[in-house]
1. If Val29 passes every condition in (1) modelled with pLDDT of 95 or more; (2) surrounded by fewer than 13 Cβ atoms within 10 Å (Cβ to Cβ); (3) not in a helix (DSSP H, G or I) but one, which one does it miss?
2. Spot the failing condition for Ala52; the list is (1) part of a helix (DSSP H, G or I); (2) at pLDDT below 95, and only one is missed.
3. With Gly71, Gly37 as the choices, which residue is in a loop (DSSP other than H, G, I, E, B) and modelled with pLDDT of 90 or more?
4. What number of residues within the stretch 32-49 are more than 19 Å from Ser66 (Cβ to Cβ) and surrounded by 14 or more Cβ atoms within 10 Å (Cβ to Cβ)?
Amino acid sequence: MGKTDSTLAMSGLKEVLFEFRQVGSIFRVTAIDPRTGIEVIMVADPRYGEDAIKRLATRKLAYVISKKRGGLPSKNPRDELI
């Protein structure tokens, strides 16, 4: 099991689709959960390597999914006012 596979297992996601686009000297990375259709976008430095960037994108995706399900408290105090 590779590092990205272990991140998937820890996040509870079965599959994540990635799209890497080079924009100038950075990567614009989209991570998508095909089951829910939820996606996140992040910007990363290519020097970190594809595996590390995939791990970070997977963690961000798992966080967003958990937050949408009500599993994590909001860190933004303005969200409490809505």
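1. Just one mismatch for Val29, condition (2).
2. (2)
3. Of Gly71, Gly37, the one residue that is in a loop (DSSP other than H, G, I, E, B) and modelled with pLDDT of 90 or more is Gly37.
4. Adding up the residues that qualify gives 1.
The values are calculated or read from the model by the stated rules, or taken from the named source; none is laboratory data. Keep in mind that what you see is a predicted model, and the values were worked out from it rather than measured. Because the Cβ atoms are built from the backbone with ideal geometry, glycine has one as well, and the counts that use them run over all protein chains shown.
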